[in-house]
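Okay, structure first, notes after.
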Amino acid sequence: MSGGDDGGTTGPAGRPRADTTVDGEGRFVVRVALPLPASARPRLLLQPRPPKGQSEPSQRRAEETGRVVALEPAGQDRWRAVVEAAPALEEGRWDVYVLGAPGEERVPLLPGLRDLRALVSGPGDDRGTPLAVRIPYATKDGRLAVRAWLRATHAEAGRIDFSGTSMTVAARLFGARLGEGAAASLHRRGGDGAVRETALRPEGDRDFAFTVDYRDLADGGQTGTGAAPAVWDVYVRPAADAPRIRVARLLDDVADRKTVFVYPAAALGRVTARPYYTVDNDLAVEVAPTTGG
């Protein structure tokens, strides 16, 4: 359970505050207090956030491209909307608004109580593909939003163990099976296209583990004193002729993992190496010059 301390009431400037509950099937329920007559028929709007640098769409455009769900009366001045699992939300961030009467401006919702307990059970075998994940969360400026992922294939990162200059990652495949030639591969960002591969240790046809020796990532000559950090994105290739699949951690209740899961750095002479999760919860390894080196 997470969220505010007065769910379902109002926040700054009278903005409504919504409680959300997510179930194990991917649907979620939004409950909000609105002082409106039962005949008002307000609606819930999930609006896809535009790419960075682009302006927010007009309300009409947002209603056309977003997801609009009816809010139904649920008691005195209280309303309830159910966002079904299908159709899935496209991958990205979705801001949540209330639409009142026609012609009225959309009103952003503030986060109240968020019951996400159904999301913390971890990756089950019964999840279908494409894998659709939705996590309600509070934005940095205090609004309610939903982080959505939609992936045809996925490698869910589990436990990460550390030993000296290496890390060992346990993971599970969704939408794919392990076959001959399976390997983990790390791809360095930038124009040189450097790739490092390491063998998988299968634990069935979907579960596996692999070990990354950080020294293999530090020997490319791209990271030295005064250089910018090198970032290696982590993938798995489930078979010799199969497309690679991004390794990420999506199947729990953490919408933004980057600052929550902080892993130790290993010293490798003049550089350090550490794994981290990106803003999209994908696994990566950063190799950076040692401070003061």
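The values are calculated or read from the model by the stated rules, or taken from the named source; none is laboratory data. Keep in mind it's a predicted model, so treat the numbers as computed, not measured. Virtual Cβ from ideal backbone geometry, glycine too; neighbours counted across all protein chains shown. Surface accessibility is based on the protein's heavy atoms, side chains included, excluding ligands, DNA and RNA. Shrake-Rupley method; radii C 1.70, N 1.55, O 1.52, S 1.80 Å.
Amide hydrogen proximity for residue 85: with H placed 1.01 Å from N in the peptide plane, the residues at 5 or more positions away or on another chain lying under 5 Å are 27. With bins 5 Å wide beginning at 0, the percent of Cα pairs of the range 57-187 falling in each bin runs 2, 7, 13, 17, 17, 13, 11, 8, 6, 4, 2, 1, 0.
What the Cα convex hull of the range 159-293 gives, in volume per residue, is 113 Å³.
Over the chain, with every protein chain in place, what whole percent of the accessible area is carbon and sulfur at 1.4 Å, could you tell me? Looking at the chain in its full context, I get 49 percent from C and S. With θ taken as phi - 60° and the Karplus curve 6.51 cos²θ - 1.76 cosθ + 1.60 applied, the whole-hertz 3J(HN,Hα) list for the range 55-67 is 6, 5, x, 4, 4, 4, 5, 4, 5, 6, 9, x, 10 Hz, x standing for glycine and proline. Database remark: amide H of residue 72 closer than 5 angstrom to the amide H of 80, 81 (H placed geometrically; neighbours at sequence offset of 5 or more, or on other chains; Pro and chain starts carry no H). Surface analysis of the range 242-291 yields an accessible area of 43 Å² per residue, using protein heavy atoms and a 1.4 Å probe. Charges were assigned to the Cβ only: +1 to each Lys and Arg, -1 to each Asp and Glu. The resulting dipole of the range 192-293 about its Cα centre is roughly 240 debye. Per residue, the chain reaches -1000 deg cm²/dmol at 222 nm when only DSSP H runs of four or more residues are counted, each adding -39500 (n - 2.57).
Among (i) 1.16; (ii) 1.34; (iii) 0.98, find the value of Cα Rg over 2.2 N^0.38 Å that was calculated from the structure presented, and write down its label. This structure yields the entry labelled (i).
Computed from point charges on the beta carbon alone (+1 for Lys and Arg, -1 for Asp and Glu), the dipole magnitude for the chain about its Cα centre is near 480 Debye.
In percent, rounded to a whole number, the relative contact order of the chain is 15, using alpha-carbon pairs under 8 Å and six or more apart. Against the criterion of solvent-accessible heavy-atom surface with a 1.4 angstrom probe, 106, 143, 177 sort, most first, into 177, 143, 106. For the range 19-83, the square roots of the Cα gyration tensor eigenvalues, ordered a ≥ b ≥ c, give a/c of at least 1.5 with a/b no greater than b/c, which places it in the oblate category.
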